[in-house]
Amino acid sequence: MAVLLYAENVAEYFRELVDEPDSGFMTDAIAQTWLQVGFDHYYNFMTLADPERFIASSAQTFAGVREFDLDGVLLGAAAPNRLLQLVRVVRIDTTTNVPNLYLYPVASREQLDSKQFDYPSVLLSAKKLYFSSPLDGSYRIDYVPVSTVNWQAIAPGNNEWIDDLIPFHDIIALYSALQYQASSGFSNPQIEQLLLVRQQSFKNQLQRSRSVNAARYVHDDNPYGW
């Protein structure tokens, strides 16, 4: 299989998988739809497994606030780089420019307001961040952004960049092929099995870590200090 560097390369491999090598039956518009759906599945799988690979940050200054509206900042149609998944909120020491407090993400109002949690917490609800106590100072919001890959740009020579996970871009084509086949009312066990194998390959790489020596060390991962 060729290196699937750009969106056009993934599109070509997708056509091979579904045996539609040209646009005679499957037009580019149809292919773009299935590729977008397949990529959405891929991006969800990858970001849930390893959000640090896609992370973006937004610097904010708070002054005694218990909530922060993300509309137009990280959410909503006017947001320049929309949030898909909140990863963390950290306070930044302006002298050293390093984090000195991590807010623990919680899943509900009950957890945010509960007295059993004696550490700073943050809740993402609708388009707002809610904090367990008033915040002052410089903060950094780390989040997984909505992808901006343009799956309309699959014509040869467009060179539409996807991401740095090039060895696993075949997963996009496999997800796309499953969607295409489901719409046609039949299944392909070979593609389903191959997708499972490739997903496991990514998980195996994730366990080894991108850093060659990182997997040699064991340490407690507790960034919240409790």
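The values are calculated or read from the model by the stated rules, or taken from the named source; none is laboratory data. Bear in mind that the values here come from a model prediction, so they are computed numbers and not experimental data. Heads up, the Cβs are rebuilt from the backbone with ideal geometry, glycines too, and the neighbour counts pull from every protein chain shown.
Here are some notes:
- Filtered residues of segment 50-80 (kept if closer than 30 Å to Ser201 by Cα and not hydroxyl-bearing (Ser, Thr, Tyr)): Asp50, Pro51, Glu52, Arg53, Phe54, Ile55, Ala56
- Across segment 63-77, the qualifying residues are those that are hydrophobic (A, V, I, L, M, F, W, C) and over 23 Å from Thr47 (Cα atoms), and the one among them that is nearest to the chain's Cα centre (by Cα) is Phe68.
- Breaking point among (1) under 30 Å from Arg198 (Cα atoms); (2) in contact (Cβ under 8 Å) with a residue 60 or more places away in the chain; (3) touching a Ser or Thr at 6+ places or on another chain (Cβ under 7 Å), for Leu74: (1)
- When the criteria are applied in full, Val37 fails the requirement of being at pLDDT below 95 and of a type outside the set (D, E, K, R).
- Of note, Ser138 does not satisfy the criterion of being touching a residue at least 12 places away in the same chain (Cβ under 8 Å), in contact with a Leu (Cβ under 7 Å, 6 or more places away or on another chain), assigned by TED's automatic domain parsing to the domain that holds Leu74 and hydroxyl-bearing (Ser, Thr, Tyr).
- The number of residues in segment 105-129 that are within 15 Å of Ile141 (Cβ to Cβ), in contact with a helix residue (DSSP H, G or I) (Cβ under 9 Å, 6 or more places away or on another chain) and either buried (at least 18 other Cβ atoms within 10 Å of the Cβ) or aromatic (Phe, Trp, Tyr) (or both) comes to 3.
- Options Ala78, Ala29, Ala59, Ala63: the member that is in the same structural domain as Phe168 (by TED's automatic domain parsing) and surrounded by fewer than 13 Cβ atoms within 10 Å (Cβ to Cβ): Ala29
- Selection from segment 32-53 of residues that are buried (at least 20 other Cβ atoms within 10 Å of the Cβ) and either farther than 21 Å from Gln190 by Cα or of a type in the set (S, T, N, Q) (or both): Tyr43, Met46
- Residue match in segment 160-182 (condition: exposed (fewer than 14 other Cβ atoms within 10 Å of the Cβ), under 20 Å from the mean Cα position of the chain (by Cα) and assigned by TED's automatic domain parsing to the domain that holds Ala59): no
- Some residue of segment 192-208 being assigned to a loop (DSSP other than H, G, I, E, B) and modelled with pLDDT under 90: no
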